[in-house]
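Trainee: My questions all concern the structure below.
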Amino acid sequence: MNELRGAPAGAGRRVAVVAARFNGTVTAKLVEGAVAGLAHHGVAADDVDVAWVPGAFEIPLVAGRLASTGRYDAVLALGAIVRGETAHFDLVANEAARGVAEVTRATGVPVIFEILATEDLAQAEARAGGEHGNKGWEAAVAALEMADLLRRLPDAVDAGR
């Protein structure tokens, strides 16, 4: 059995981060965690670009633009959506997830979805450097693993040979 896994090897990798300003206190901590995780795994500071968008709904558009440039090995999608009194939470969370998935499939660039969808602000804070760790750091590791795994996989044209 051949087992293929990606390693969180960051040397020489370029990564983009798309972060929502809405619920910015949470998202800023996710970005800090992501940037620290990338640096810890060898990504140079000059090889990380952070693009801020108004909210989670806008993340897929910018992630798609960045992924389609061919400049990045991976893109991180970071944000926080906290349930309110209306259906807006469900609409934004579902469309952000769908949009990020579409970008990944369309470009072949791993776009790591770490847009928190929580019942309250305390749950979001717990996942942005609190008792549940920092999901931004975890997204950084996942991005590097996916970029490395994709490098190890055969090209699509070679897969049938």
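Since every read-out is calculated from the coordinates, none of them should be taken as a lab result. Quantities reported herein were computed from a predicted structural model and do not represent experimental measurements. Glycine also receives a Cβ, built like all others from the backbone with ideal geometry; neighbour counts cover every protein chain displayed.
Trainee: Which of the residues that make up segment 84-99 are surrounded by 15 or more Cβ atoms within 10 Å (Cβ to Cβ) and not β-branched (Val, Ile, Thr)?
Mentor: PHE89, ALA93, ALA96, ALA97, GLY99
Trainee: Is at least one residue of segment 6-25 buried (at least 24 other Cβ atoms within 10 Å of the Cβ) and hydroxyl-bearing (Ser, Thr, Tyr)?
Mentor: So far as segment 6-25 goes, no, none of its residues is buried (at least 24 other Cβ atoms within 10 Å of the Cβ) and hydroxyl-bearing (Ser, Thr, Tyr).
Trainee: Quick one: in segment 127-139, of everything that is crowded, with 17+ Cβ neighbours inside 10 Å and of a type outside the set (D, E, K, R), which residue is farthest from the chain's Cα centre (by Cα)?
Mentor: Taking the candidates together, the pick is GLY129.
Trainee: OK, next. Please work out if VAL17 is more than 19 Å from LEU121 (Cβ to Cβ) and touching a Gly at 6+ places or on another chain (Cβ under 9 Å).
Mentor: When the stated conditions are applied, VAL17 passes them.
Trainee: Against the definition (out of contact with any Asp or Glu (no Cβ under 7 Å at 6 or more places or on another chain), under 21 Å from LEU149 (Cα atoms), buried (at least 24 other Cβ atoms within 10 Å of the Cβ) and not small (Gly, Ala, Ser)), how does VAL75 come out, yes or no?
Mentor: yes
Residue by residue, here is whether (1) touching a Phe, Trp or Tyr at 6+ places or on another chain (Cβ under 6 Å); (2) of a type outside the set (D, E, K, R); (3) within 23 Å of GLU119 (Cβ to Cβ) holds:
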residue	(1), (2), (3)
VAL17	no, yes, no
ALA44	no, yes, no
VAL48	no, yes, no
SER68	no, yes, no
ARG71	no, no, no
VAL82	no, yes, yes
